[in-house]
Each structure stands twice: as C-alpha cells, then as structure tokens.
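The block underneath contains the structure these notes are about, expressed in structure tokens.
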Amino acid sequence: MEEIISKKFINIIKGVIISLITTLVLLFIFSIVLTYTNVSENLITPVIIVVTAISIFIGSTIANMKIKRNGLVNGALIGGIYLISLYILSGIINNNFSISVQSIIMIIAGMVCGMFGGILGINKK
C-alpha cells in the first residue's frame, strides 16, 4: 500500500514538472512570435491563460496514463500544485505575495483542466 502511494506521489510530481516544462517551451515560442511579428501585446494575458491550461492538461494526461486510477483527483492535484507553486514562486520573486479572487479562479480553472487531463490519461491506451 505504501509503495502505491509513493508511486502515485512521484507521478503527480512528474505531472507538475511536465506542466512546468511545457509552459516554459510554449511561452518561449510565444516570446519569439512577439519579438519578430506584429502581434499585439494585448494578447499576452490570454495567451498565458491558454498556455497554462494546455500545460496542466498535458502534464495531467501523461501522469495519469501511468497512475491509471482516480484521474479526477490526481488531475486536480497536479493543476492545484502547479498553480500554487507558480503563485508562491511569483510572490518570492516579486516580494509581494497576495491571493486575489482572480488567483483563486485561476487555481480552480487549473484544477479543472487537470481533472479533464486526468480523465483522458486514465482512459488512454
């Protein structure tokens, strides 16, 4: 039983790491597009939200393909841990940590994206 919990925890952390790496890659690509094209800077916030959702979905799907159980719960954990980690890191870097209604909505949305990824991950063959 303890081994199962340990493997599950490791796969959840892997899902969070995959999500973070995916975010970095996608935002790097977007930064290149912003630099070399006439894309409006007004798109930055929506693109960050979409990239975050896609990254959590991908990380949750991949992690849950190995766990094969409780996709909703595991996906929500991956999304929640990912976003809470980002908010804490952002607070440390900016010396200003505060949780707003927008932060809570983003965390809940991330958990929902993780849940969808978890459902897909456990059902993928």
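Which residues, counting only those in the range 22-47, are in contact with a helix residue (DSSP H, G or I) (Cβ under 9 Å, 6 or more places away or on another chain), among the β-branched types (V, I, T) and at pLDDT below 90?
Residues satisfying the conditions are V39, I44.
Among the numbered criteria (1) assigned to a helix (DSSP H, G or I); (2) over 17 Å from the mean Cα position of the chain (by Cα), which single criterion is violated by N38?
(1)
For the range 44-81, give me each residue that is crowded, with 24+ Cβ neighbours inside 10 Å and within 14 Å of the chain's Cα centre (by Cα).
S55, I56, F57, G59, S60, T61, A63, N64, N74, G75, I78, G79
State yes or no: is T52 of a type in the set (V, I, T) and either in contact with a Leu (Cβ under 9 Å, 6 or more places away or on another chain) or closer than 24 Å to K8 by Cα (or both)? Before the answer, list the steps.
Values: of a type in the set (V, I, T): yes; either in contact with a Leu (Cβ under 9 Å, 6 or more places away or on another chain) or closer than 24 Å to K8 by Cα (or both): yes.
So T52 passes the test.
Mind counting the residues in the range 98-123 that are over 18 Å from the mean Cα position of the chain (by Cα) and surrounded by 12 or more Cβ atoms within 10 Å (Cβ to Cβ)?
1
Would you say S31 is assigned to a helix (DSSP H, G or I) and under 22 Å from I12 (Cα atoms)?
In short, no.
From the list F57, F28, F9, exactly one residue is aromatic (F, W, Y) and either in contact (Cβ under 8 Å) with a residue 24 or more places away in the chain or in contact with a strand residue (DSSP E or B) (Cβ under 9 Å, 6 or more places away or on another chain) (or both). Which is it?
F57
Is it the case that S31 is among the hydroxyl-bearing types (S, T, Y) and closer than 28 Å to N123 by Cα? Give the steps one after another, and end with the answer.
Numbers: among the hydroxyl-bearing types (S, T, Y): yes; closer than 28 Å to N123 by Cα: no.
Judged against the criteria, S31 is not a match.
The values are calculated or read from the model by the stated rules, or taken from the named source; none is laboratory data. Worth saying up front: this structure is predicted, and the values here are computed from it rather than measured. All Cβ positions, even for glycine, are placed from backbone atoms using ideal geometry, and neighbour counts span all protein chains on display.
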